[in-house]
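Have a look at the structure below before the remarks.
The values are calculated or read from the model by the stated rules, or taken from the named source; none is laboratory data. Keep in mind that this is a model prediction, so the values were computed, not measured. Quick reminder, even Gly has a Cβ in these numbers, built from the backbone with ideal geometry, and neighbours come from all protein chains shown.
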Ligand SMILES: [Zn+2]
């Protein structure tokens, strides 16, 4: 789970450089760059890159809403539909890497790849509603 970004202290009418945005939200500059790649708006043509406080707040709030979005054991949050969706054909891949388990499937509506982390203990329950292809990888250090 990535570190929770802080919202407090972001001023809506200020602009922030990547470094400043990282400091105020408590994440790394690299995370801020990932956010930009994932849709965080930046000001047009400004060098260095400047982010408006209200855009930054909006982005973090959306991100929280997505995380909070409740999904049933056989549902996934689809980033394209922006809704919980079921797996197409009820098929999912279950990838186990060390202690991490991830389910991957296709959205039954738009066919976007959907995935979510699960616990190994929940596999039997998920198997009641989904056909799982389990792939186990040894951890490579
Ligand atoms: Zn979808």
### Task
May I ask you to list the residues in the stretch 106-122 that are closer than 15 Å to residue 78 by Cβ, under 15 Å from the mean Cα position of the chain (by Cα), part of a strand (DSSP E or B) and touching a residue at least 12 places away in the same chain (Cβ under 8 Å)?
114, 115, 116
### Message
Here is a check on your reading of the model: is residue 88 surrounded by 15 or more Cβ atoms within 10 Å (Cβ to Cβ), within 16 Å of the ligand (Cβ to nearest atom) and touching a residue at least 24 places away in the same chain (Cβ under 8 Å)?
### Response
no
### Residues (part of a strand (DSSP E or B) and either more than 21 Å from the chain's Cα centre (by Cα) or exposed (fewer than 14 other Cβ atoms within 10 Å of the Cβ) (or both)) located in the stretch 91-102
91, 97, 100
### Query
Among the listed residues 32, 60, which satisfies the condition of being under 20 Å from residue 11 (Cα atoms) and modelled with pLDDT of 95 or more?
32
### Task
Return yes when residue 103 is in contact with a helix residue (DSSP H, G or I) (Cβ under 6 Å, 6 or more places away or on another chain) and touching a residue at least 24 places away in the same chain (Cβ under 8 Å) and no when it is not.
no
### Summary
Just one listed residue, out of 105, 72, 22, 5, is surrounded by 15 or more Cβ atoms within 10 Å (Cβ to Cβ) and under 30 Å from residue 131 (Cα atoms), and it is 105
### Summary
Inside the stretch 26-68, the number of residues satisfying the requirement of being out of contact with any strand residue (DSSP E or B) (no Cβ under 7 Å at 6 or more places or on another chain), under 25 Å from residue 80 (Cα atoms) and in a helix (DSSP H, G or I) is 21
### Task
Can you tell me which residue within the stretch 8-17, out of those that are modelled with pLDDT of 90 or more and within 14 Å of residue 57 (Cα to Cα), is surrounded by the most Cβ atoms within 10 Å (Cβ to Cβ)?
16
### Message
For residue 64, only one of the following conditions fails: (1) surrounded by fewer than 12 Cβ atoms within 10 Å (Cβ to Cβ); (2) within 20 Å of the chain's Cα centre (by Cα). What is its number?
### Response
(1)
### Message
Going by what's in this entry, would residue 132 be described as in a strand (DSSP E or B), within 16 Å of the ligand (Cβ to nearest atom), surrounded by 15 or more Cβ atoms within 10 Å (Cβ to Cβ) and free of Cβ contacts under 8 Å to residues at least 60 places away in the same chain?
### Response
no
